[in-house]
Amino acid sequence: MGRYTVIACKVLEEELLSLAPGGHEWYFLDQGLHRSPDRLRQALQEAIDSIRNSERILLGYGFCGGALEGLRARTVPLTIPRLDDCISLLLGSVEARKAWGPETYFLSAGWLAGEESLVREYARCVSRYGEERGSLLIRQLFCHYQRVVFIKTGRQGEDLEGEKVREVAEKIGLRFEVTDGHKGYLQKLLQGPWDNLFLHVPPGEVVTVEKYYTQANY
Amino acid sequence: MSKEALSKAMAELEEEQVIALVKELLGSGVAPLEIVKALQEGMVEVGNRFERGDYFLSELVMAGEIMKGAMDILEPHLAGESTEHKGTIVIGTVRGDIHDLGKNIVVMLLKGAGYKVVDLGVDVPKEKFVEAVKETGAPLVGMSVLLTSCQGALKETIEALRAEGLNPKVIIGGNYVNETVKKHVGADYFATTASDGLKAAAEVFGA
């Protein structure tokens with residue numbers, strides 16, 4: 001076992017591995033788990049429980065809709081980015097995300113590689129409900145959004161993926177924009193220093209929403 | 001032709017069947033509130049299927065659409081059943097959050113259960129909640145939230161109500177809320193499902 005063990009969402013797999021310093025052990029969990037905080041919590045706890053010989057477990061997750069609440073550190077301490085989800089991690093900070101405003105829907109090539117994404121959802125919806133109704137449902141789903149922002153992180157073939165997003169965005173009447181991600185937060189997660197941007201959970205302790213948002217940028 | 005069949009059709013998102021069954025049940029004298037309950041049970045199954053990964057977000061939107069169609073048929077009959085509504089509820093998605101799939105379903109079910117619902121929409125500033133409560137004197141306020149980053153907005157909105165001397169019961173609703181969040185933001189109730197929200201409303205209004 002390495003000194004540090006990383007448990008992260010598949011959405012961040014390529015981004016994290018591209019920064020990979022030596023000596024880390026990796027566990028990547030299915031991004032589809034995010035739709036059910038309970039299932040994600042269970043999968044995370046099982047992964048945490050299986051790790052004994054490590055100096056520290058680094059979680060490549062945000063609070064993810066409360067999925068991390070109640071997670072318990074066993075014998076190895078946990079270090080967790082103190083933010084809401086992977087979007088802030090990909091953009092490099094909570095502020096970078098906030099600057100886009102709430103009417104922004106974010107995607108990255110990592111998201112498009114998963115089961116669930118705007119592109120797949122659009123295609124599925126049109127094949128199930130027909131062009132007119134399917135398109136209408138997706139428009140309705142995104143009715144309060146103004147723009148889709150594709151985050152470039154340096155993944156292979158991401159420009160092509162971005163084009164697919166642009167096509168769907170145009171079909172449902174949303175502005176499409178591209179922005180560069182920032183790897184600073186992910187880099188810090190892997191190598192430290194683990195400052196105030198991270199939550200530390202000593203062995204035996206539990207993650208709670210209060211600990212999460214205390215002294216954070218909220 | 002039964003309430004079970006209606007719940008099943010709702011869960012299966014069989015739009016035409018749902019509409020036909022609602023009409024048939026009404027015609028055969030089944031109480032509109034019972035029909036709403038059957039629809040609600042179907043919605044619970046839709047939620048379960050989404051959690052399991054059998055349904056996607058667009059199915060939730062579809063479910064909302066079907067529900068809306070059913071409620072359009074039911075609403076005149078609900079008004080007939082109780083010309084005096086059970087009470088007024090102000091509801092909205094808090095500032096910084098624009099998610100409203102869940103809220104819209106709750107609004108329909110509350111209307112179906114006989115409440116007057118004032119829906120403030122999404123990304124609602126605290127001032128708007130205060131104003132709506134002053135205007136309506138609503139004894140219950142629902143605050144919807146999906147983003148964990150909007151917990152601060154929940155707290156501020158509740159504080160703004162209290163600062164104005166307004167003391168309606170406050171229920172927070174959303175996927176991640178729990179007892180801890182409820183206490184932290186100073187709410188009276190929390191709900192992670194529409195059914196929990198309806199139960200809390202029944203408690204507040206003694207209905």
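The values are calculated or read from the model by the stated rules, or taken from the named source; none is laboratory data. Worth saying up front: this structure is predicted, and the values here are computed from it rather than measured. Neighbour counts run over all protein chains shown; Cβ positions are idealised from the backbone, glycine included. The area values use the complete protein model at the heavy-atom level, side chains included, leaving out ligands, DNA and RNA. Shrake-Rupley method; radii C 1.70, N 1.55, O 1.52, S 1.80 Å.
Using a 1.4 angstrom probe on protein heavy atoms only, the contact between A and B buries about 2600 square angstrom of accessible area, both sides summed.
On the range B:132-189, 47 percent of the accessible area sits on carbon and sulfur atoms, based on a 1.4 Å probe. Each residue, B:Asn167 and B:Asp196, gets one label point 7 Å from its Cα in the Cβ direction; the gap between the two is 2.6 nm. Under 5 Å from the amide H of A:Arg56 lie the amide H atoms of A:Thr5, each residue being 5 or more positions distant or on a separate chain, with H modelled from the backbone and absent for Pro and chain starts. Extending 7 Å from the Cα toward the beta-carbon at both B:Glu84 and B:Ala20 defines two label points whose distance is 4.1 nm. The distance between label points at A:Trp194 and A:Arg139 comes to 4.9 nm (points 7 Å beyond Cα on the Cα→Cβ vector). Taking the chain by itself as reference, the range A:102-125 contains these residues with an accessible-area loss of 50 Å² or more in the full protein complex (1.4 Å probe, heavy atoms): A:Pro102, A:Arg124. List the trypsin sites (Lys or Arg not before Pro) within the range A:22-67 that fall in a DSSP loop (any state other than H, G, I, E or B) and whose Cβ has at most 13 other Cβ atoms within 10 Å. Those that pass, being in a loop and sparsely packed, are A:Arg52. Per residue, the protein assembly as shown exposes 43 Å² of solvent-accessible protein surface, assessed with a 1.4 angstrom probe and all protein chains in place. The distance from the alpha carbon centre of the range B:33-53 to that of the range A:9-84 is 32 Å, rounded to a whole number.
Excluding same-chain neighbours fewer than eight residues apart, the aspartates and glutamates reachable from B:Lys23 by a Cα-Cα span under 20 Å are B:Glu4, B:Glu12, B:Glu14, B:Glu15, B:Glu34, B:Glu41, B:Glu65, B:Asp72, B:Glu75, B:Glu81. Remark on chain A: Rg and Dmax equal 18.0, 55 Å (Cα only).
Could you work out how far the C-alpha centroid of the range B:141-195 sits from that of the range A:108-169, in angstrom? Value for the Cα centre distance between the two parts: 32 Å. Across B:Ile105, B:Ile73, B:Ile171, mean-square fluctuation computed from a Gaussian network of chain B (C-alpha pairs under 10 Å connected) peaks at B:Ile73.
Its Kirkwood hydrodynamic radius, worked out from the mean inverse distance over all distinct Cα pairs, puts the protein assembly as shown at 23.0 Å.
With an 8 Å cut-off on Cα pairs and a minimum separation of 6 or more residues, tell me the relative contact order of chain A in percent. Relative contact order comes out at 25 percent.
Counting only the Cα atoms, the range A:91-144 fills a convex hull of 77 Å³ per residue.
Which helices, counted as full DSSP H runs in chain B, have an axial Cα extent of no less than 20 Å and a Kyte-Doolittle average of -1.0 or above? Qualifying helices: B:32-52, B:57-81. Dividing the alpha-carbon radius of gyration of the range A:53-130 by the rule-of-thumb value 2.2 N^0.38 Å gives 1.43. What base-10 log of the normalised intensity I(q)/I(0) is obtained for the range A:1-99 from the Debye formula, alpha carbons as equal point scatterers, at q = 0.18 Å⁻¹? Log-scaled intensity ratios, in q order: -0.83.
The alpha-carbon positions of the range B:3-81 define a convex hull whose volume is 71 Å³ per residue. Rolling a 1.4 angstrom probe over chain A with all protein chains present gives an accessible area of which 49% lies on carbon and sulfur atoms. Using Cα positions and a limit of under 19 Å, work out the lysines in reach of A:Lys10, with same-chain residues fewer than 8 apart set aside. Here the lysines satisfying the reach criterion relative to A:Lys10 are A:Lys152, A:Lys183, A:Lys188.
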